[in-house]
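For reference, the structure discussed in these notes is given below.
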Amino acid sequence: MATRRIGLREQKKQATREALRAAALRLALERGPDNVRVDDIAEAAGVSPRTYNNYFSSREQAIVAAVAGERETRVAAAVADRPAGVGLAAAVIEAIVDQYTAPGASGRDALLLISTRPALREAFIETTTAIEHPLTDAIAERLGDGDPHTARVLAASVAAAVRVALEQWLQPTATSSTTSGLVVPSGSLPDLLRTTLAPLTPALDAAEQRALRHQQQ
């Protein structure tokens, strides 16, 4: 019964988080993010401002959460689900590219909104830090060794590489910064992600080979 109660509690929390981020994005698209207050988001989601603060620390965080979704969980699951015959480096890189470039329900309007507001761009880029802990667990599971530091360092490096790719992708140009403030994503995001993740391939391969040797002893 205790397990069931915990499960229902987590489901309720997840539903609340989804309602808040959906309300935040909808109001931001309708009114413009500068005209949306935390109280507005909480009211639209049917919760109190205090409850809102248990989930998000700012309106920007809630708005970008509607775009990022539960990406960190999906990235970790994608790494864990890759067949054993797929190397760790390939598993991580393909999981990142797949989850960061898959079409989202929020669509082009949401990305356009984010790209036109520096605070939203920064909050969106900051979401990369959320992948570190779930990815640490997924990498540690694949390595199967008892060294938690290796998995954590690798996951943190992956998160940093993704951040660099997003910063480059959403980097304001000289033209955009002097006109409307619109930032047009530059380059191919999949290509940028592969480029920034490529230097981590040797480290991921080395960790995997070390784990294989350890398992064979």
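The values are calculated or read from the model by the stated rules, or taken from the named source; none is laboratory data. These numbers were taken from a predicted model, which means no experiment stands behind them. When we count neighbours, we look across all protein chains shown, and the Cβ atoms used for this are built from the backbone with ideal geometry, even at glycine. Calculation scope for accessible area: heavy atoms of the full protein, side chains included, ligands and nucleic acids excluded. Shrake-Rupley method; radii C 1.70, N 1.55, O 1.52, S 1.80 Å.
One table, with the values for the structure above:
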| item | result |
| --- | --- |
| Overall Cα dimensions of segment 35-89 - principal axes, largest extent first, Å | 50, 19, 16 |
| Highest average packing first - 30-41, 153-164, 70-81, Cβ atoms within 10 Å | 153-164, 70-81, 30-41 |
| For peptides 16-29, 49-62, sequence by mean Cβ density within 10 Å, most packed first | 16-29, 49-62 |
| At R0 = 22 Å, FRET efficiency that the Cβ-Cβ distance of Asn54 and Ala119 yields, to 0.05 | 0.55 |
| Spacing of the two label points (7 Å from each Cα toward its C-beta) at Thr129 and Ala77, in nm | 2.5 |
| Residues Asp137 and Arg37, FRET efficiency given R0 of 45 Å [Cβ-Cβ distance, rounded to 0.05] | 0.80 |
| Chain lengthening between Ala206 and Gln171 when straightened (0.36 nm per residue, less Cα-Cα) | 9.3 nm |
| Accessible area per residue, Å², the chain with all protein chains present, probe 1.4 Å | 54 |
| Accessible surface of the chain [probe 1.4 Å, protein heavy atoms]: carbon and sulfur percent | 53 |
| Leu111-Ala44 FRET efficiency (beta carbon distance; Förster radius 22 Å; 0.05 resolution) | 0.55 |
| Relative frequency of Cα-Cα separations exceeding 24 Å in the chain, percent | 50 |
